[in-house]
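Undergrad: Got a structure for you, written out below as structure tokens; questions coming shortly.
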Amino acid sequence: MIFTELKTDEFYSTFDLLKASKLDSSDLDQPNIRLFCLKENDKLKGVGGLEVIGSVALLRSVAVDTAYQKQGLGVLLVSHIEKAAKELGLSALYLLTNTAADFFKAQNYQVILRDNFAEPLKQTAQFSGLCPVSAVCMKKEI
């Protein structure tokens, strides 16, 4: 299994997986987005990203191909992304989810109030419009 960061012009290769996972890719073309993937034999198995603003980031677009779910790939992917975030000197990761709160709780993310989301991240399209206000807000110090 290979974990790698995608170049911006490679992001499109993840769009089918994101769409199948009901995740929006419409704003991934921003310069502060970093997208990572898990591949094996050139087959995309999982994707996830960071939207970095200052010393914090929004963990986003985390998806594993349904054919490879329940094999620990989501845990592996998030672990690699967290390591990359630490290497970038980030202090905390935040996320919004409609469907995966239990998964992220198992990865030690804490549910927080929407008002307690990091101020810089409140300006993101993800926070301000793409995710509904009913989404679960979570945080993890790294």
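The values are calculated or read from the model by the stated rules, or taken from the named source; none is laboratory data. Bear in mind that the values here come from a model prediction, so they are computed numbers and not experimental data. Here the Cβ is made from the backbone with ideal geometry for all residues, glycine too, and neighbour counts use every protein chain on show.
Undergrad: For segment 15-71, enumerate the residues that are among the basic types (Lys, Arg) and more than 22 Å from Phe117 (Cα to Cα).
TA: Selection gives Lys19, Lys22, Lys39, Lys43, Lys45, Lys70.
Undergrad: Only one of (1) under 14 Å from the mean Cα position of the chain (by Cα); (2) at pLDDT 95 or above fails for Leu44. Which number is that?
TA: (1)
Yes or no, residue by residue, for (1) among the small types (Gly, Ala, Ser); (2) out of contact with any Lys or Arg (no Cβ under 8 Å at 6 or more places or on another chain):
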{"position": "Val62", "(1), (2)": "no, yes"}
{"position": "Thr66", "(1), (2)": "no, yes"}
{"position": "Gln69", "(1), (2)": "no, yes"}
{"position": "Val75", "(1), (2)": "no, yes"}
{"position": "Glu82", "(1), (2)": "no, no"}
{"position": "Ala85", "(1), (2)": "yes, yes"}
{"position": "Ala92", "(1), (2)": "yes, no"}
{"position": "Leu95", "(1), (2)": "no, no"}
{"position": "Ala101", "(1), (2)": "yes, yes"}
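Undergrad: Is at least one residue of segment 35-47 within 19 Å of Val136 (Cα to Cα) and polar (S, T, N, Q)?
TA: no
Undergrad: While we're here: Do we have any residue at all in segment 31-52 that's closer than 17 Å to Cys131 by Cα and in contact (Cβ under 8 Å) with a residue 40 or more places away in the chain?
TA: Yes, there is a match, as at least one residue in segment 31-52 is closer than 17 Å to Cys131 by Cα and in contact (Cβ under 8 Å) with a residue 40 or more places away in the chain.
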